[in-house]
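Novice: The structure under discussion is supplied below as C-alpha coordinates; questions concerning it will follow.
The values are calculated or read from the model by the stated rules, or taken from the named source; none is laboratory data. Fair warning: this is a prediction, and the values are worked out from it, not measured in the lab. Because the Cβ atoms are built from the backbone with ideal geometry, glycine has one as well, and the counts that use them run over all protein chains shown. Side chains included, ligands, DNA and RNA excluded: accessible areas come from the protein's heavy atoms. Shrake-Rupley method; radii C 1.70, N 1.55, O 1.52, S 1.80 Å.
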Amino acid sequence: EAQVTQNPRYLITVTGKKLTVTCSQNMNHEYMSWYRQDPGLGLRQIYYSMNVEVTDKGDVPEGYKVSRKEKRNFPLILESPSPNQTSLYFCASSPPDRGHEQFFGPGTRLTVL
Amino acid sequence: AQKVTQAQTEISVVEKEDVTLDCVYETRDTTYYLFWYKQPPSGELVFLIRRNSFDEQNEISGRYSWNFQKSTSSFNFTITASQVVDSAVYFCALSFFRGAGKSTFGDGTTLTVKP
(Lines give C-alpha, C1' and ligand atoms only; values in the text may rest on other atoms or scores of the structure.)
Protein backbone atom coordinates (compact mmCIF):
# COMPACT_ATOMS: atom_id res chain seq x y z
CA GLU A 1 0.00 0.00 0.00
CA ALA A 2 1.33 3.40 -1.02
CA GLN A 3 1.72 5.49 2.09
CA VAL A 4 3.59 8.03 4.16
CA THR A 5 4.33 6.88 7.70
CA GLN A 6 5.32 8.95 10.70
CA ASN A 7 6.64 7.87 14.08
CA PRO A 8 5.80 8.40 16.79
CA ARG A 9 2.15 9.35 16.39
CA TYR A 10 2.02 10.91 19.84
CA LEU A 11 4.85 12.26 21.95
CA ILE A 12 4.99 14.12 25.24
CA THR A 13 8.41 15.44 26.16
CA VAL A 14 10.09 18.12 28.24
CA THR A 15 11.80 21.33 27.26
CA GLY A 16 15.31 20.85 25.95
CA LYS A 17 15.23 17.11 25.37
CA LYS A 18 16.28 16.40 21.79
CA LEU A 19 13.82 14.42 19.71
CA THR A 20 13.39 13.11 16.20
CA VAL A 21 10.15 12.48 14.34
CA THR A 22 10.64 10.05 11.50
CA CYS A 23 8.91 10.18 8.14
CA SER A 24 9.09 7.51 5.47
CA GLN A 25 7.38 7.08 2.10
CA ASN A 26 7.26 4.04 -0.15
CA MET A 27 6.21 5.80 -3.37
CA ASN A 28 9.70 6.76 -4.56
CA HIS A 29 8.72 10.43 -4.41
CA GLU A 30 11.37 13.09 -4.88
CA TYR A 31 9.65 15.85 -2.92
CA MET A 32 9.05 15.69 0.81
CA SER A 33 7.90 18.35 3.28
CA TRP A 34 7.21 18.94 6.93
CA TYR A 35 4.32 21.07 8.16
CA ARG A 36 3.00 22.08 11.53
CA GLN A 37 -0.69 22.66 12.16
CA ASP A 38 -1.84 24.97 14.91
CA PRO A 39 -5.41 26.05 15.66
CA GLY A 40 -6.44 28.94 13.43
CA LEU A 41 -3.12 28.99 11.59
CA GLY A 42 -3.61 26.28 9.01
CA LEU A 43 -0.59 24.30 7.87
CA ARG A 44 2.71 26.08 7.83
CA GLN A 45 5.65 24.62 5.97
CA ILE A 46 8.75 24.03 8.09
CA TYR A 47 11.22 22.51 5.63
CA TYR A 48 11.02 20.81 2.29
CA SER A 49 13.32 18.65 0.22
CA MET A 50 13.45 18.28 -3.53
CA ASN A 51 15.70 15.24 -3.49
CA VAL A 52 18.45 13.49 -1.54
CA GLU A 53 20.77 16.02 0.10
CA VAL A 54 18.65 18.94 -1.18
CA THR A 55 16.63 20.74 1.48
CA ASP A 56 15.32 24.26 1.91
CA LYS A 57 13.56 26.33 4.53
CA GLY A 58 9.84 26.79 4.52
CA ASP A 59 8.00 29.57 6.34
CA VAL A 60 8.72 28.53 9.94
CA PRO A 61 12.10 26.72 10.10
CA GLU A 62 13.38 28.17 13.40
CA GLY A 63 14.07 25.51 15.99
CA TYR A 64 13.96 22.61 13.53
CA LYS A 65 16.46 20.64 11.49
CA VAL A 66 15.99 18.11 8.75
CA SER A 67 18.14 15.75 6.74
CA ARG A 68 17.56 13.79 3.54
CA LYS A 69 20.16 11.08 3.27
CA GLU A 70 17.86 8.58 1.61
CA LYS A 71 15.06 9.22 -0.82
CA ARG A 72 12.41 7.51 1.28
CA ASN A 73 13.21 9.15 4.66
CA PHE A 74 12.93 12.74 5.84
CA PRO A 75 13.33 13.01 9.63
CA LEU A 76 12.44 16.16 11.56
CA ILE A 77 14.81 16.98 14.39
CA LEU A 78 14.08 19.24 17.36
CA GLU A 79 17.44 19.71 19.05
CA SER A 80 16.09 21.68 22.02
CA PRO A 81 12.30 21.59 22.01
CA SER A 82 10.35 24.42 23.61
CA PRO A 83 6.67 24.66 24.58
CA ASN A 84 5.91 26.81 21.52
CA GLN A 85 6.72 23.78 19.38
CA THR A 86 3.75 21.94 20.81
CA SER A 87 1.78 21.22 17.67
CA LEU A 88 0.46 18.66 15.20
CA TYR A 89 3.11 17.80 12.63
CA PHE A 90 2.52 16.40 9.16
CA CYS A 91 4.98 14.94 6.72
CA ALA A 92 4.10 14.90 3.02
CA SER A 93 5.58 13.63 -0.21
CA SER A 94 4.89 14.16 -3.90
CA PRO A 95 6.34 13.22 -7.28
CA PRO A 96 8.55 15.79 -9.04
CA ASP A 97 5.90 16.93 -11.53
CA ARG A 98 5.45 20.55 -10.66
CA GLY A 99 2.03 21.14 -9.18
CA HIS A 100 1.39 17.56 -8.17
CA GLU A 101 -0.74 17.08 -5.07
CA GLN A 102 0.91 16.02 -1.83
CA PHE A 103 0.37 12.77 0.03
CA PHE A 104 0.28 13.29 3.76
CA GLY A 105 1.25 11.12 6.67
CA PRO A 106 -1.16 10.55 9.57
CA GLY A 107 0.34 13.29 11.74
CA THR A 108 2.38 13.39 14.96
CA ARG A 109 0.95 15.19 17.96
CA LEU A 110 3.81 16.64 19.97
CA THR A 111 3.48 18.18 23.42
CA VAL A 112 6.49 19.92 24.96
CA LEU A 113 6.12 20.59 28.69
CA ALA B 1 5.66 36.26 -1.57
CA GLN B 2 2.55 34.17 -1.84
CA LYS B 3 -0.48 34.17 0.39
CA VAL B 4 -3.75 32.27 0.67
CA THR B 5 -6.72 33.75 2.49
CA GLN B 6 -9.71 31.77 3.62
CA ALA B 7 -11.80 34.47 5.21
CA GLN B 8 -14.47 32.10 6.55
CA THR B 9 -13.13 30.58 9.73
CA GLU B 10 -16.23 28.53 10.49
CA ILE B 11 -19.41 27.78 8.57
CA SER B 12 -22.42 25.93 9.89
CA VAL B 13 -25.21 24.68 7.62
CA VAL B 14 -28.10 22.28 7.85
CA GLU B 15 -27.98 19.11 5.81
CA LYS B 16 -29.03 19.51 2.15
CA GLU B 17 -28.05 23.16 2.05
CA ASP B 18 -25.51 24.30 -0.53
CA VAL B 19 -22.36 25.89 0.84
CA THR B 20 -19.46 27.76 -0.79
CA LEU B 21 -16.01 27.98 0.74
CA ASP B 22 -14.01 30.99 -0.39
CA CYS B 23 -10.32 31.06 -1.24
CA VAL B 24 -8.40 34.13 -2.38
CA TYR B 25 -4.73 33.94 -3.24
CA GLU B 26 -1.84 36.28 -3.94
CA THR B 27 1.21 35.50 -6.02
CA ARG B 28 3.44 37.40 -8.40
CA ASP B 29 4.07 34.29 -10.46
CA THR B 30 2.21 33.72 -13.69
CA THR B 31 2.45 29.93 -13.37
CA TYR B 32 1.09 28.42 -10.19
CA TYR B 33 -1.07 25.64 -8.84
CA LEU B 34 -4.05 25.70 -6.54
CA PHE B 35 -5.37 22.86 -4.41
CA TRP B 36 -8.15 21.99 -2.02
CA TYR B 37 -7.61 19.46 0.77
CA LYS B 38 -10.09 18.08 3.28
CA GLN B 39 -9.31 17.21 6.89
CA PRO B 40 -12.17 15.22 8.47
CA PRO B 41 -12.48 14.88 12.26
CA SER B 42 -10.26 11.78 12.10
CA GLY B 43 -7.36 14.12 11.23
CA GLU B 44 -5.94 12.87 7.96
CA LEU B 45 -5.45 15.24 5.02
CA VAL B 46 -7.19 14.24 1.81
CA PHE B 47 -6.53 15.78 -1.59
CA LEU B 48 -9.67 16.97 -3.40
CA ILE B 49 -8.65 18.92 -6.50
CA ARG B 50 -5.78 20.67 -8.30
CA ARG B 51 -5.87 23.51 -10.82
CA ASN B 52 -3.01 25.16 -12.71
CA SER B 53 -3.01 28.83 -13.57
CA PHE B 54 -3.59 28.13 -17.27
CA ASP B 55 -6.76 26.14 -16.71
CA GLU B 56 -9.71 28.29 -15.73
CA GLN B 57 -12.29 25.67 -16.51
CA ASN B 58 -14.66 25.07 -13.68
CA GLU B 59 -15.00 21.50 -12.54
CA ILE B 60 -17.82 19.45 -11.12
CA SER B 61 -17.34 16.15 -9.37
CA GLY B 62 -20.53 14.75 -7.95
CA ARG B 63 -21.74 17.19 -5.29
CA TYR B 64 -18.48 19.16 -5.40
CA SER B 65 -17.70 21.99 -7.80
CA TRP B 66 -14.86 24.46 -8.09
CA ASN B 67 -14.84 27.95 -9.57
CA PHE B 68 -11.41 29.30 -10.52
CA GLN B 69 -11.27 32.96 -11.55
CA LYS B 70 -7.87 34.47 -12.27
CA SER B 71 -9.36 37.94 -12.62
CA THR B 72 -10.33 37.95 -8.95
CA SER B 73 -7.57 35.56 -7.77
CA SER B 74 -10.16 33.24 -6.33
CA PHE B 75 -10.62 29.47 -6.25
CA ASN B 76 -13.92 28.80 -4.53
CA PHE B 77 -15.34 25.42 -3.60
CA THR B 78 -19.05 24.63 -3.50
CA ILE B 79 -20.71 21.61 -1.93
CA THR B 80 -24.23 21.02 -3.21
CA ALA B 81 -26.78 19.32 -0.99
CA SER B 82 -24.37 19.07 1.93
CA GLN B 83 -24.25 15.96 4.09
CA VAL B 84 -23.10 15.36 7.65
CA VAL B 85 -20.06 13.51 6.28
CA ASP B 86 -18.91 16.75 4.65
CA SER B 87 -18.16 18.14 8.11
CA ALA B 88 -14.42 18.80 8.09
CA VAL B 89 -11.76 21.46 7.88
CA TYR B 90 -11.07 22.47 4.29
CA PHE B 91 -7.76 23.96 3.22
CA CYS B 92 -6.93 25.86 0.09
CA ALA B 93 -3.25 25.76 -0.94
CA LEU B 94 -0.94 27.39 -3.47
CA SER B 95 2.36 26.29 -4.95
CA PHE B 96 4.27 27.90 -7.74
CA PHE B 97 6.35 26.76 -10.67
CA ARG B 98 9.67 28.29 -9.70
CA GLY B 99 9.49 27.17 -6.11
CA ALA B 100 9.12 23.46 -6.59
CA GLY B 101 8.35 21.94 -3.23
CA LYS B 102 7.31 25.21 -1.60
CA SER B 103 3.63 25.42 -0.63
CA THR B 104 1.42 27.90 1.17
CA PHE B 105 -1.82 26.89 2.84
CA GLY B 106 -4.73 29.00 3.99
CA ASP B 107 -5.82 28.91 7.61
CA GLY B 108 -8.68 26.56 6.79
CA THR B 109 -12.46 26.74 7.01
CA THR B 110 -14.25 24.51 9.48
CA LEU B 111 -17.51 23.29 7.98
CA THR B 112 -20.15 21.81 10.24
CA VAL B 113 -23.14 20.19 8.61
CA LYS B 114 -25.97 19.58 11.05
CA PRO B 115 -28.57 16.88 10.51
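Novice: To the nearest 10 Å², what's residue A:27's accessible area with a 1.4 Å probe?
Specialist: We get 40 Å² for residue A:27.
Novice: Take the cross-link list B:38/B:70; B:3/B:102; A:57/B:3; A:18/A:65 and give me the ones stretching past 19 Å between alpha-carbons.
Specialist: Where the Cα-Cα span goes over 19 Å, the pairs concerned are B:38/B:70.
Novice: Here's a follow-up. I'd like the projected area of chain B, averaged over all directions, using the convex hull of its alpha carbons. Report it in nm² with one decimal.
Specialist: 6.9 nm²
Novice: For chains A and B, what's the summed buried accessible area, probe 1.4 Å, to the nearest 100 square angstrom?
Specialist: Answer for the A-B pair: about 1800 Å² buried.
Novice: For the stretch B:46-64, list residues with backbone N below 12 Å from a point placed 7 Å from the Cα of residue B:13 toward its Cβ?
Specialist: Zone members listed by number: B:63-64.
Novice: Identify which of A:57, A:71, A:17 has the largest mean-square fluctuation in a Gaussian network model of chain A, with springs joining Cα atoms closer than 10 Å.
Specialist: Among A:57, A:71, A:17, the largest mean-square fluctuation in the Gaussian network model of chain A belongs to A:17.
Novice: Okay, moving on. Go through B:28, A:72, A:36, A:44 and list them by solvent-accessible area, largest first, probe radius 1.4 Å.
Specialist: The ranking, largest first, comes out as B:28, A:72, A:44, A:36.
Novice: For residue B:87, which sequence-distant residues (separation of 5 or more, or a different chain) have an amide H within less than 5 Å of its own amide H, given hydrogens modelled in the peptide plane?
Specialist: Sorted by chain and number, the residues that satisfy this are B:113.
Novice: May I ask you to give the percent of accessible area on the stretch B:19-115 that is carbon plus sulfur, with a probe radius of 1.4 Å?
Specialist: Values: 2170 of 4330 Å².
Heavy-atom surface of the stretch B:19-115 belonging to carbon and sulfur, 1.4 Å probe: 50 percent.
Novice: Using protein chains only and a probe of 1.4 angstrom, how many square angstrom of residue B:84 are accessible, to the nearest 10?
Specialist: Roll a 1.4 Å probe over it and residue B:84 shows about 60 Å².
Novice: Along the Cα→Cβ direction, 7 angstrom out, place labels at residue B:20 and residue A:67. What is the inter-label distance in nm?
Specialist: Reported label-point gap for residue B:20 and residue A:67 is 5.1 nm.
Novice: Okay, which of the stretch B:21-46 sit inside 18 Å, backbone N to the point 7 Å along the Cα-Cβ direction of residue B:71?
Specialist: B:23-25
Novice: Bin by bin, in steps of 5 Å, what percent of the Cα pairs in the stretch A:33-113 do you find, going until the bin that has the longest distance?
Specialist: 3, 15, 26, 28, 17, 8, 3, 0, 0
Novice: Could you grab the Rg to Rh ratio for the protein assembly as shown? Cα atoms only, Kirkwood for Rh. Please report the intermediate quantities before stating the final value.
Specialist: Numbers: Rg = 17.6 Å, Rh = 18.1 Å.
With Rg and the Kirkwood Rh in hand, the quotient comes to 0.97.
Novice: 7 Å from Cα along Cα→Cβ at both residue A:59 and residue A:2: what's the point-to-point distance in nm?
Specialist: 2.7 nm
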